[in-house]
Amino acid sequence: MAEHIHINASTKTEKYKQLYPQVKALLEGEKDLIANMANICSALKYGMDFFWVGFYLVKDNELVLGPFQGTVACTRIAKGKGVCGKAWELNDIIIVDDVDQFPEHIACSALSKSEIVIPVRDKNKNIIAIFDIDSDQYSSFDRTDEEWLRKIVELL
Ligand code: SME
């Protein structure tokens, strides 16, 4: 197993291109979902320098905080609440350029300015978790992030 994630690129696409095979290698041979989620969080937090990276797990019809890297976060989110609960309800990826403009956004940190939220599905397409990445800059996320982050969660 590699001990470090190495990124040596200036553009977002190049960073993801370098990161993806390293994350793939990191997860290879490990079947435990929580262990793999934890390593994805670390790889993205430190490889891409995001403010907060974490998973919320679907448990008893609620989202419960799972593996994450970053500042402390709220532990439970109801379906339809916040960006995470809305992505779960809509069964779709949500990109928020300015969290203050998103109705019902749940502010775990005042430093968080923009956000991308990606549903994680099992083999039967049921949502088992929500992957949430926060930035301390406005409008950090776009279709490039969506494309690569979707590929990364599909490794789970
Ligand atoms: N902002 C999220 C809550 C989770 S924190 O960002 C870590 C939301 O609105 O669902």
| Would you call Phe102 under 28 Å from Thr11 (Cα atoms), more than 10 Å from the ligand (Cβ to nearest atom) and hydrophobic (A, V, I, L, M, F, W, C)? | no
| request: For region 32-46, indicate whether the set of residues that are surrounded by 17 or more Cβ atoms within 10 Å (Cβ to Cβ), on the phi > 0 side of the Ramachandran plot and in contact (Cβ under 8 Å) with a residue 12 or more places away in the chain is non-empty. | output: no
| Out of Asp98, Asp134, Asp142, which single residue is more than 17 Å from Ala43 (Cα to Cα) and under 14 Å from the mean Cα position of the chain (by Cα)? | Asp142
| message | Please determine whether any residue of region 52-64 is at pLDDT below 95, within 11 Å of the ligand (Cβ to nearest atom) and in contact with a strand residue (DSSP E or B) (Cβ under 6 Å, 6 or more places away or on another chain). | response | no
| remark: Selection from region 110-128 of residues out of contact with any Lys or Arg (no Cβ under 9 Å at 6 or more places or on another chain) and crowded, with 16+ Cβ neighbours inside 10 Å yields Ser112, Lys113, Ser114, Glu115, Ile116, Pro119, Val120
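The values are calculated or read from the model by the stated rules, or taken from the named source; none is laboratory data. Since the model is a prediction, treat every value here as computed from it, not as a measurement. Cβ: placed from backbone, ideal geometry, glycine included. Neighbour counts: every protein chain shown.
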